[in-house]
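Undergrad: Let me give you the structure first, and then I'll get to my questions.
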Amino acid sequence: MATDSEADDSGEEGRRRFLSRTAAVLVTFIGGALAVPTIGHIVSPTLKPADNPLVPLGSVDQFEIGKPLKVDFLYYKNDGWVQERNSASAWVVRKSQSEFVVFDPACTHLGCPYGWSAEQNQFVCPCHGGVFSIDGTVLAGPPPRPLDRFQNSVQDGKLFIRQVVQRG
Ligand code: FES
């Protein structure tokens with residue numbers, strides 16, 4: 001038979017156990033509530049696809065119709081936590097007041113940088129004699145396909161491209 005003192009102890013102990021369990025549940029709940037958004041914030045950049053923003057190539061006024069111009073540019077690439085600064089170039093051909101074609105500067109044979117020959121009115125690759133017309137079509141040599149292109153658009157008098165190369 002329990003004495004009054006033992007009954008008090010067991011009531012006190014039960015209260016302590018209840019408070020302890022309640023505190024543990026609350027701590028677990030609060031910890032979980034804080035952990036989920038924190039982990040989401042930390043992990044989410046690595047789950048997103050890399051940014052592919054528009055890259056400005058400058059004013060459209062610098063490009064003459066029918067006269068290819070090579071343009072060097074910088075672009076930033078976000079990939080997860082890392083932001084890379086890259087330099088690249090492109091060949092721009094203005095076809096009309098509002099229509100542009102922007103070529104990747106790597107030859108479609110083995111990737112050599114090609115150039116524009118104003119004399120021949122053709123793009124010429126020095127590595128293996130690849131020749132392309134002003135619209136990127138293969139005219140001679142070993143390149144297996146036309147020049148690759150960047151998507152482009154004109155906004156507020158400036159030419160922009162996306163760093164997505166479309167196979168020729
Ligand atoms: S890399 Fe241009 S022709 Fe071979």
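Undergrad: Helix 4-47 versus the longest principal axis of the chain: what is the Cα-based angle in degrees, 0 to 90, to the nearest 10?
TA: For helix 4-47, the angle is close to 0 degrees.
Undergrad: Given Cβ point charges of +1 (Lys, Arg) and -1 (Asp, Glu) and nothing else, what value in debye, to the nearest 20, does the dipole of region 91-168 about its Cα centre take?
TA: Roughly 160 debye, rounded to the nearest 20.
Undergrad: Hey, what number do you get for the chain at 222 nm if only DSSP H runs of n ≥ 4 count, each worth -39500 (n - 2.57), divided across all residues, to the nearest 500?
TA: -9500 deg cm²/dmol
Undergrad: Among V138, V124, V36, determine the one that fluctuates most according to a GNM of the chain built with springs between C-alpha atoms less than 10 Å apart.
TA: So, out of V138, V124, V36, the one fluctuating most is V36.
Undergrad: Using label points projected 7 Å from each Cα along Cα→Cβ, tell me how many nm separate A106 and K70, to one decimal.
TA: 1.6
Undergrad: Then there's this: Any idea what the dipole of the chain comes to, in debye rounded to 20, about its Cα centre with Lys/Arg Cβ at +1 and Asp/Glu Cβ at -1? The partial results should precede the final answer.
TA: Numbers: 16 positive and 18 negative charges, 168 e Å.
The dipole of the chain has a size of about 800 debye.
Undergrad: Distance in nm between label sites at A23 and S153, each 7 Å beyond Cα in the beta-carbon direction?
TA: 5.8
Every number here is computed from the coordinates shown, using simple stated rules; none is lab data. Owing to the predicted nature of the structure, the values given are computational and were not obtained by experimental measurement. Neighbour counts are summed over all protein chains in view; Cβ atoms, including those assigned to glycine, are modelled from backbone coordinates with ideal geometry.
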